[in-house]
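Scroll down for the structure; my scribbles are underneath it.
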Amino acid sequence: MHKKRVYSGIRATGRLHLGNYLGAVKGMLQLQDEYDCVFSVVDLHAVTTPYESTSLADATRTVILDYLGAGLDPEKCLIEVQSFVPEHIELSYYLSTIYPVSRLEDLPTYKDKKAQHPKYVNMGLLYYPVLMAADILLYKGERVPVGIDQEPHLEVAREIARKFNSMFGETFPEPKRFATEGEYIPSLTGEGKMSKSVEGSFINVTDDLETIQQKLAKVPTDSGQLGGQIPQEGGVATLFSLMYLLGGKELHHKYVLDYKDKKIRYADMKKELSDVIYQELRPLQEKRKYYEENPHVVDNILREHANKCQEIARQTIKEVREKMGFLVINN
Ligand code: TRP
């Protein structure tokens, strides 16, 4: 039977944080047993916003190590460095010719980045969602484990698939997001989501217990005397949200009751939360260490998997070229 293909990617911007881990990697782990999966480190996307050329390669390797440490199994899924499979770029060009510029200019992610880096508004940034659509469609991906913030991009991918199919004949499935329980992880600052680009907002998957404790110590709280319903936003909401996802329902409930009874002690809650976060991350860190110490093992995986990915990718490119009517000669 045909297994559904799953595709997902994380930008090559260095260490994965808890938001990436709970929102994307946990979904990948759930899916790798049952589906035909390709999980990527998207380095071509990483260069659309300001970056250091001297650290891109390291940042790419870091995400690969985090993936392997977290338990992505190279026997079960394909692990890809996006730029090793240049067919991504080729397909994205073909797809760019059937999609309106105006739709790309209206996307919230593009507007945000434009506001964030007004002097770095390059073609690649506008093109970002087309490349992302190409990533998924190159493998005919049907399920995409990513955080909820990526939904507008997935909508673009579906529109592109639909448009291509209607213009050139049925070719691509319309990809759907695979949601995880941790699809939205709030920032430690209490404002917005946990993000690599916001200092003080994140916990890295490689942080040790002490670092986690120090970071949680800075999460803003209240006097502990408010009572009533737990807040929906702010630092206290972040603590409760992380407690729910990592400590489990029971522990979360205990603190909810404490909050209601106005006897919550945030120092205790933070200490317990640090422990449960570290417990979750420790096995990842241990496994990661093995791969970090054996770079040739990692290189072999990447080389082998790039070849396998390319085999799949070339078939799609061939089909697309034929359907779009490019000259094809048989050898
Ligand atoms: N845009 C995604 C993010 O910032 C990364 C990404 C690129 C991606 N290509 C993808 C995610 C394909 C899923 C599928 O998180």
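The values are calculated or read from the model by the stated rules, or taken from the named source; none is laboratory data. Since the structure is predicted, the reported quantities are computational estimates derived from the model, not experimental observations. As a convention, Cβ positions derive from the backbone with ideal geometry for all residues, glycine included, and neighbour counts pool all protein chains shown. Please note that ligands, DNA and RNA were not included when accessible areas were found on the heavy atoms of the full protein model with its side chains. Shrake-Rupley method; radii C 1.70, N 1.55, O 1.52, S 1.80 Å.
Name the helices (runs of 4 or more DSSP H) wholly inside region 249-331 in which the number of residues that are free of Cβ contacts under 8 Å to residues at least 12 places away in the same chain and under 30 Å from Y93 (Cβ atoms) is 2 or more.
Here the list reads 295-324.
Could you go through region 313-327 and let me know if any residue there is closer than 30 Å to L239 by Cβ and of a type outside the set (G, A, S).
No.
Condition test on Q315, is it open to solvent by 30 Å² or more (accessible area, probe 1.4 Å), within 25 Å of the chain's Cα centre (by Cα) and either more than 22 Å from D208 (Cα to Cα) or not assigned by TED's automatic domain parsing to the domain that holds L16 (or both)?
No.
I'd like the full set of residues that are part of a loop (DSSP other than H, G, I, E, B) and within 11 Å of the ligand (Cβ to nearest atom), limited to region 121-148.
Y139, G141, V146, G147
Would you check which residues across region 149-162 are away from the ligand (no atom under 11 Å from the Cβ), more than 10 Å from K176 (Cα to Cα) and either out of contact with any helix residue (DSSP H, G or I) (no Cβ under 9 Å at 6 or more places or on another chain) or open to solvent by 30 Å² or more (accessible area, probe 1.4 Å) (or both) and list them?
Scanning region 149-162 gives E159, R162.
Scan region 204-220 for residues that are in a loop (DSSP other than H, G, I, E, B) and either charged (D, E, K, R) or at pLDDT below 95 (or both) and jot them down.
Within region 204-220, D207, D208, K218 qualify.
Can you name the number of the only condition in (1) assigned to a helix (DSSP H, G or I); (2) among the acidic types (D, E); (3) away from the ligand (no atom under 11 Å from the Cβ) that E170 fails?
(1)
Test each condition in (1) more than 12 Å from the ligand (Cβ to nearest atom); (2) open to solvent by less than 40 Å² (accessible area, probe 1.4 Å) for P118 and report the one that comes out false.
(2)
Consider E191 against the criteria (1) away from the ligand (no atom under 16 Å from the Cβ); (2) over 19 Å from P108 (Cβ atoms): it satisfies all of them except one. Which criterion is unmet?
(2)
Kindly indicate which of L29, L18 is at pLDDT 95 or above and open to solvent by 10 Å² or more (accessible area, probe 1.4 Å).
L29
Working only within region 234-248, note down all residues that are hydrophobic (A, V, I, L, M, F, W, C) and either free of Cβ contacts under 8 Å to residues at least 40 places away in the same chain or open to solvent by 20 Å² or more (accessible area, probe 1.4 Å) (or both).
Listed by number, the residues that qualify are L239, F240, M243, L245, L246.
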